[in-house]
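The values are calculated or read from the model by the stated rules, or taken from the named source; none is laboratory data. All of these numbers come straight from a predicted model, not from anything done at the bench. Glycine also receives a Cβ, built like all others from the backbone with ideal geometry; neighbour counts cover every protein chain displayed. To get the accessible areas, we keep the full protein, side chains included, count just its heavy atoms, and leave off ligands, DNA and RNA. Shrake-Rupley method; radii C 1.70, N 1.55, O 1.52, S 1.80 Å.
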Amino acid sequence: MMSNVQKVKGFSRQHLANSLTNKKFQLILFPTEQCNFRCVYCYEDFEIGKMPNWLVEATKTLIRNKIPKLEFLSLSWFGGEPLLAKDILFDIAEYSLSLAEKYGCKLTGDLTTNGFLLDIKTLTRLVELKQNSFQISIDGDKESHDKTRLTRSGRGSFDKIWTRLLDAANTDLGFSITLRVHVTDLNHESVLKFCERYDQTLQKDNRFNLLFQAITNLGGDNQKVITDLTSKKSAVHLVKELTQRYTVKTGSINPDTNYICYAGKPNSIGIRANGNLNKCTVALNDDRNAVGKINPDGTLTLNNEKFSTWVKGFTTLDSWQMGCPLSYMNSNSVVGDIAVKKVS
Ligand code: SF4
C-alpha cells in the first residue's frame, strides 16, 4: 500500500515535528522500581524502591510549571511494576488531569505493566484519569509463559493475566491493550497456541492488538538464559510472519516510516524512583543514561553533554541513531561531540 505520509529521510515530517516541539512533553515515570515478578531474562536489579514523597511533590511541581505552555502532556509509566505503586500513579495522574483541564492541555498516558494487578477497579480509575493505554508482555501460551514470567514467589502468572484481559474485554471501558508477545527459539508452538486463543476471544475486540517481539539480549546478569532462548535466531522469522498475519487481519496500516525512540527525543525525559533523570528505559545502570536529576523544587539539573548525545540523531537523521540511540552509541561511542575510543 502506498503511504501519502510526508517524509524526510524516511521519517514522517509530522513525527519529527512532534518530537522537537516544546508544546509537547513526554514524562516517563518510574513510581517504583520494585516488581512482583521475577522474569528469568529481566535486566533490572530492583535496588530502588518507591518514589519518596519529596520526589512525588517535585514531579507534580515540574508538571505544574510546564503545563501552561503545553498542548500535549503524555505520562508513560514504567518500573519495576508501576501498579505496585498505584497510590503514587493515581496521585500524579489526578493532579496532571486537573491541571490539564484548567489549561486546555491534552493529557494521555500509557503503562508498561505485567497486567497482574490490572483489576477492573484499577482499570476503571486509570481510564478516568486518561491513563488508558497498556502494554502487557506475554511469553506464549500458559505452559511457555509460566516458565519465564514468574511471580516473585516463583509461580506462573498466565492464568491471572488472562483473566484480567477477559474481564477488561467484558467492560465497555475505553482503553487500548497491546499484548507484546515475546518470541524465543523455544516457544514457537506455544506462541501459535496463544494466537489461536486470542483469535477465539479478544481478536474481534478492537481495543486489543498483538505486537510480536523476538527476545534479544538486553544485558544484565542473565546472559546465559537469553543465549539459550535466542541462539538459533529462528524467533526473528516467526515474528516477521506473525506481524504480517496480524497486520493484514486487523487492517492496520503500516505507514512505512522510520521509528523514533523516545530516548532520542528532546521533549522526553524519564524520572527514576530515586530522582535521577534517564533517557532510555533499558540501560538503567548505564552512566551515559544518567543525564541529570530533578530537584525538590521541581527544576531539572541536566548534564547537557550527556543529554545531547541521546538526541543527536536529530542532527544526522540517521535511522539507527534515531530508532535506538542506545545500540547506536554502543557501536559508535561518543560523549557530546567527542568520539571516544572504547576500552574493554
Ligand atoms: S534507546 Fe534503544 S534500548 Fe533504549 S528505550 Fe530506545 S529503543 Fe529501547
(message) At R0 = 25 Å, how high is the FRET efficiency between GLU128 and ASN36 if r is their beta carbon distance? Nearest 0.05 is fine.
(response) 0.55
(message) Taking only Cα atoms of segment 69-202, what ratio of Rg to Rh do you get with Rh as the Kirkwood inverse-distance radius?
(response) 1.03
(request) Quick one: check the C-alpha center-to-center distance for segment 147-199 versus segment 82-124, whole angstrom. (result) 22
(request) State the extension gain, in nm to one decimal, for the chain segment bounded by GLN6 and GLU189, taking 0.36 nm per residue of separation less the distance between their alpha-carbons. (result) 61.9 nm
(message) Under a Cβ-only charge scheme (Lys and Arg +1, Asp and Glu -1), can you give me the dipole magnitude of the chain about the Cα centre, in debye to the nearest 20?
(response) 740
(request) Just grab the label-to-label distance for GLN14 and GLU71, each label 7 Å out from Cα along the Cβ direction, in nm (one decimal). (result) 1.2
(message) Quick query: amide H of ILE28 versus all other amide H atoms, modeled in the peptide plane; which residues come in under 5 Å with a sequence gap of 5 or more or a different chain?
(response) SER76, ILE269, GLY270, ILE271
(request) Just grab the label-to-label distance for THR163 and THR299, each label 7 Å out from Cα along the Cβ direction, in nm (one decimal). (result) 5.1
(message) With a 1.4 Å probe and all protein chains kept in place, how do LEU166, LEU284 rank by accessible area, largest first?
(response) LEU166, LEU284
(message) Multiplying the sequence separation of LEU117 and ASP205 by 0.36 nm and subtracting their Cα-Cα distance, what value in nm do you get?
(response) 29.5 nm
(message) Per-residue counts of other Cβ atoms within 10 Å, averaged by peptide: what ranking do you get for 295-304, 310-319, highest first?
(response) 310-319, 295-304
(request) Give the carbon-plus-sulfur fraction of the accessible surface of segment 77-222 in %, rounded to a whole number; probe 1.4 Å, heavy atoms of protein chains only. (result) 48
(request) Label segment 7-339 by shape, choosing from rounded, prolate and oblate, from the square roots a ≥ b ≥ c of the eigenvalues of the Cα gyration tensor; if a/c is under 1.5 it is rounded, and otherwise prolate applies when a/b is larger than b/c, oblate when it is not. (result) rounded
(message) Using protein chains only and a probe of 1.4 angstrom, how many square angstrom of HIS182 are accessible, to the nearest 10?
(response) 20
(request) Just grab the label-to-label distance for LYS147 and SER176, each label 7 Å out from Cα along the Cβ direction, in nm (one decimal). (result) 3.3
(message) Leaving out ligands and nucleic acids, and using a 1.4 Å probe, what accessible area per residue does the chain come to in Å²?
(response) 49
(request) Would you mind checking LYS60/LYS265; LYS160/LYS193; LYS102/LYS279; LYS142/LYS240; LYS130/LYS265; LYS86/LYS265 for any pair whose Cα atoms are more than 20 angstrom apart? (result) LYS60/LYS265; LYS102/LYS279; LYS142/LYS240; LYS130/LYS265; LYS86/LYS265
(request) With the convex hull built on the Cα atoms of segment 25-109, state its orientation-averaged projected area in nm². (result) 5.6
(request) Within the set of other residues whose C-beta is less than 13 Å from the C-beta of SER74, count the net charge using Lys and Arg as +1 and Asp and Glu as -1. (result) +4
(request) Quote to one decimal, in nm, the extra length available between LYS102 and ASP286 on full extension: 0.36 nm per residue of separation minus the C-alpha distance between them. (result) 62.4 nm
(request) Sort 320-331, 37-48, 169-180 for me by packing, meaning the mean count of neighbouring Cβ atoms within 10 Å per residue, highest on top. (result) 320-331, 37-48, 169-180
